[in-house]
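**Q** After the structure tokens below, expect a handful of questions from me.
The values are calculated or read from the model by the stated rules, or taken from the named source; none is laboratory data. Worth saying up front: this structure is predicted, and the values here are computed from it rather than measured. Every residue, glycine among them, receives a Cβ derived from its backbone with ideal geometry; neighbour counts consider all protein chains shown. Protein only, heavy atoms only, side chains kept; ligands, DNA and RNA dropped before computing areas. Shrake-Rupley method; radii C 1.70, N 1.55, O 1.52, S 1.80 Å.
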Amino acid sequence: MAPVRPADYPPPFSTAEAIAAPTDPVDERIEVGVLVVGAGPGGLACAVRLGQLLQEHPEMRERLGEVPVAVLEKGKQAGSHLLSGAVVNPRALRRLFQGRPELEAIPTFGTVEGEAVYVLTEGHAARIPPPPTMRNHGNWILSVAQLGRFLAEQAEAGGAMLLPETVGGALLVDHGRVVGVRTGDKGRGREGEPLGNFEPGVDIAAKVTVLAEGTAGHLTGAAIDRFGLHGRNPQIWALGVKEVWKVARPLRRIVHTMGWPLRKRARYGEFGGSWIYPMGDDHVSIGFVVGLEYRDVELSAHDLLQQFKTHPLVRKILEGGERVAWGAKTITEGGQLSMPSRLNAPGLLLVGESAGLVNVPRLKGVHYAIESGKLAAEAAFRALQGGESHGRVGALDAYDQSIRDSYLWPDLTEVRNMRQAFDKGFVVGGALASAMTVSKGKIPPKDYATEPNAAHELIRTGRSEEYPAPDGQLTFDKLSSVFASGNRTRDDQPNHVRVERRVPRDVAEMWAWMCPAQVYEVGEEDGDGTVTVMLTPSNCVQCGAITAKGGRLTPPEGGSGPEYTLT
């Protein structure tokens, strides 16, 4: 049988669908000064910093009009779609709120006082010294969903208008310049027909638009294509699945593991690991991450997490506890070499994961998002000064320079090849990563390339036989997990998942196993070696994995998706 790659079956989607010219009459458009798309840490940090600057310069606030800063959020509220570990370097938060009382009010579960790293085999755990890239002493443990709600409160207090349940449907481009965003329609039926509560989208015109969509952003991908911003390497992603448990005994350290249940040989393409973090005395965050370049049809991040929990090391931590939350999200993993070639275009700035700012070896991205949001605010503010043409080519170039002048850039430079090293397998990759760490990124002398996640040929090894059956106490199925996410997607809204519907069985089954929310099912054989892919889009928690693995996630109706509170 000929090898099968998901990339050979592209979705019926073009990024041109996410680019539009303004259509509303001028007097019907919503006019704002700076429009931020995405109420995550990066976007909200941008809004907070703009509020601080406008408070110091009231003449600029007046010049920007009634709504100087607006933030679009597709979830029910800020934080609804935010998920991370999370152990966060506090440096960016301290810089954002320097000398302000808000710094002491940030919700955390304390600082990291102890940490342990284990290499697992089935049934055994060997503790090793934390590698330099994984040392976290003094970092803050927090829920990024809670952080998002806190930052939203600070942004609103500073004068930003938060627009929840509002999707950025298309990037508005006029004469080669981004001039805002058209929001998505609400109240359409399954076939796109207007229902009784139909509300059309509107044009929101902005002098500067900041894309802070997080992982695999809809408008971000369109902007990169439209303005030719592709990086040296293609972007790649991992998928993380997380649970929050109420536990009987406090955990006094953070835990990371590598090895089992992933396989070490390069032919499988299985890169990833786990975390277990305390959330106070009676809760823990536990998650498993796997790179989406894996090749096995039956690999499932959700089921890997369930399998991981059966290990004696983990079972002991969770014993006597109960699961109280679940969620899933992709992580941008390409590193510096996959970042956009520029982080701005006329009228546009990219921050956080939209800019590819994630340090995979250090397991860090939140503080990079916050720092980049702050720097984007300062660049936008400078471009909006009197006498400056904010929409001209190069008007926002100072943002790119500020990123390169910040602590983010040397951090990312040192580890720019480390993620790719593990394409050679766990053992060889670990040795190369050690050499890169010691040399501070000078090894290798020539940068490594990457392949898109969907470009790898699929294999079958009977992987699913190893997964434990769900028992509803320690291990859980996908549908009960979707319920635990608080998913609130209407059953009768239009399908927002774009995939080729007739594909080889291996591709269809790979999508079904990959998806943590059971969106995809394998339908009937079509008589030509292909099967029909069946979809249940209302299950979707908008993790973004399908965009990495051969399809395309587009935004559903605003307010849809999970309702994360502890993640």
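**Q** I need to check one value: relative contact order of region 412-567, counting alpha carbon pairs closer than 8 Å and at least 6 residues apart, in percent.
**A** 22
**Q** Then there is this: Within region 100-129, which GluC sites (Glu not before Pro) sit in a loop by DSSP and count at most 13 neighbouring Cβ atoms inside 10 Å?
**A** Answer in residue order: E113, E122.
**Q** Further, regarding this structure: Where in region 362-379 does the label zone of Q401 land, with the point 7 angstrom along Cα→C-beta and an amide N cut-off under 17 Å?
**A** What the label zone holds, given the 17 Å backbone N cut-off, is 375-379.
**Q** Cross-link list K242/K364; K246/K549; K329/K478; K207/K364; K329/K446; K242/K446: which exceed 26 angstrom alpha carbon to alpha carbon? Don't jump to the answer; show the numbers that get you there.
**A** Values: K242/K364 16 Å; K246/K549 33 Å; K329/K478 14 Å; K207/K364 31 Å; K329/K446 32 Å; K242/K446 36 Å.
Beyond 26 Å between Cα atoms: K246/K549; K207/K364; K329/K446; K242/K446.
**Q** Here is a follow-up. 7 Å from Cα along Cα→Cβ at both I443 and W409: what's the point-to-point distance in nm?
**A** Modelled inter-label distance: 2.7 nm.
**Q** Same structure, new question: Under the rule that an exposed site lies in a DSSP loop and has at most 11 other Cβ atoms within 10 Å, name the longest stretch of the chain with no trypsin sites (Lys or Arg not before Pro) of that kind, not counting the sites themselves.
**A** The longest uninterrupted stretch comes out as 1-251.
**Q** Would you mind checking region 477-501 for residues with the amide N under 13 Å from a putative spin-label position 7 Å along Cα→C-beta of E521?
**A** Flagged as within label range: 479.
**Q** What does the accessible area per residue of region 67-148 come to in Å², with a 1.4 Å probe and no ligands, DNA or RNA counted?
**A** I get 42 Å² per residue for this part.
**Q** Provide the net charge surrounding E466, with neighbours chosen by a C-beta distance below 13 Å and charges set as Lys +1, Arg +1, Asp -1, Glu -1.
**A** Values: positive: R263, R463; negative: E122, E270, D296, E298, D303, E465.
Result for the local shell: -4.
**Q** I need the GluC sites (Glu not before Pro) found in region 1-68, filtered to DSSP loop residues with at most 14 other beta carbons within 10 Å of theirs.
**A** Those that pass, being in a loop and sparsely packed, are E66.
**Q** Add +1 for every Lys or Arg and -1 for every Asp or Glu among the other residues with Cβ under 12 Å from the Cβ of V393, and state the total.
**A** +2
**Q** Using a cut-off of 20 Å between alpha-carbon atoms, which lysines can reach K442, once sequence neighbours fewer than 8 places away in the same chain are excluded?
**A** The qualifying lysines are K424.
**Q** Let me ask something additional. Compute the orientation-averaged projected area for the chain from the convex hull of its Cα atoms and round it to one decimal in nm².
**A** 25.3
**Q** Further question: So for region 179-227, what are the equivalent ellipsoid semi-axes in whole Å, largest first, each being the square root of 5 times an eigenvalue of the Cα gyration tensor?
**A** So the three semi-axes of region 179-227 are 26, 14, 9 Å.
**Q** May I ask you to evaluate 6.51 cos²θ - 1.76 cosθ + 1.60, the Karplus curve with θ = phi - 60°, for each residue of region 109-114 and list the ³J(HN,Hα) values in order in whole Hz, giving x for glycine and proline?
**A** Ordered by residue, 3J(HN,Hα) equals 9, x, 9, 6, 9, x Hz.
**Q** Once you have the Cα-Cα distance between A105 and A431, take 0.36 nm times their residue separation minus that, and quote the gain in nm to one decimal.
**A** Answer, rounded to one decimal: 113.1 nm.
**Q** How much length would be gained if the chain were fully extended between A7 and R249, taking 0.36 nm per residue of separation minus their Cα-Cα distance, in nm to one decimal?
**A** Extra length from A7 to R249 when fully extended: 82.5 nm.
**Q** With an 8 Å cut-off on Cα pairs and a minimum separation of 6 or more residues, tell me the relative contact order of region 258-304 in percent.
**A** After rounding, I find 34 percent.
**Q** Taking the Cβ-Cβ separation of Q473 and Q55 as r and a Förster radius of 41 Å, what is the calculated FRET efficiency to the nearest 0.05?
**A** E(calc), rounded to 0.05, equals 0.20.
**Q** Report, to one decimal in Å, the Kirkwood hydrodynamic radius for region 1-77 based on all distinct Cα pairs.
**A** 16.1
**Q** Using every Cα-Cα pair within region 101-213, state what percent have a distance larger than 25 Å. Before the final figure, lay out the partial values.
**A** Working: 3599 of 6328 pairs.
Summing the P(r) tail past 25 Å for region 101-213 gives 57 percent.
**Q** Mind checking the full-extension length gain between V119 and N495? Use 0.36 nm per residue of separation minus the Cα-Cα distance, one decimal, nm.
**A** On the way: separation 376, 0.36 × 376 = 135.36 nm, distance 4.18 nm.
Extending this stretch completely gives an extra 131.2 nm.
**Q** Using Cα pairs under 8 angstrom and six or more residues apart, how large is the relative contact order of the chain, in percent?
**A** This gives 22 percent for the chain.
**Q** Further question: Convex hull over the alpha-carbon atoms of region 1-141: what's its volume per residue in Å³?
**A** Convex hull volume per residue, Cα atoms: 247 Å³.
**Q** Take the Cα atoms of region 219-361, build their convex hull, and give its volume per residue in Å³.
**A** Per residue, the Cα convex hull of region 219-361 comes to 134 Å³.
**Q** Within region 405-439, list the chymotrypsin sites (Phe, Trp or Tyr not before Pro) lying in a DSSP loop whose Cβ has at most 14 other Cβ atoms in a 10 Å radius.
**A** Hits after loop and neighbour filter: Y407.
**Q** Okay, moving on. Around G51, what is the net charge, scoring Lys/Arg as +1 and Asp/Glu as -1 over all other residues with Cβ under 13 Å from its Cβ?
**A** Computed value for this residue: -1.
**Q** Moving on. Quantify, in whole percent, the carbon and sulfur part of the accessible surface of region 473-567 (1.4 Å probe; protein heavy atoms only).
**A** 49
**Q** Throw me the Rg/Rh for region 400-530, computed over C-alpha atoms with Kirkwood Rh, two decimals.
**A** My calculation puts Rg/Rh at 1.09.
**Q** Grab the beta carbon distance between T23 and E153, set R0 = 35 Å, and tell me the FRET efficiency rounded to 0.05.
**A** Rounded to the nearest 0.05, the efficiency is 0.55.
**Q** Still on this model: Considering the Cα positions of region 144-260, please state its Rg to one decimal place and its Dmax as a whole number of Å.
**A** Spelled out, the Cα radius of gyration and Dmax of region 144-260 are 19.9, 61 Å.
**Q** Accessible area per residue of region 324-455 at 1.4 Å probe, in Å²?
**A** Counting only protein heavy atoms, the per-residue value for region 324-455 is 35 Å².
**Q** Rounded to the nearest whole Å³, what is the per residue volume of the convex hull around the Cα atoms of region 51-109?
**A** Taking only Cα atoms, region 51-109 has a hull volume of 123 Å³ per residue.
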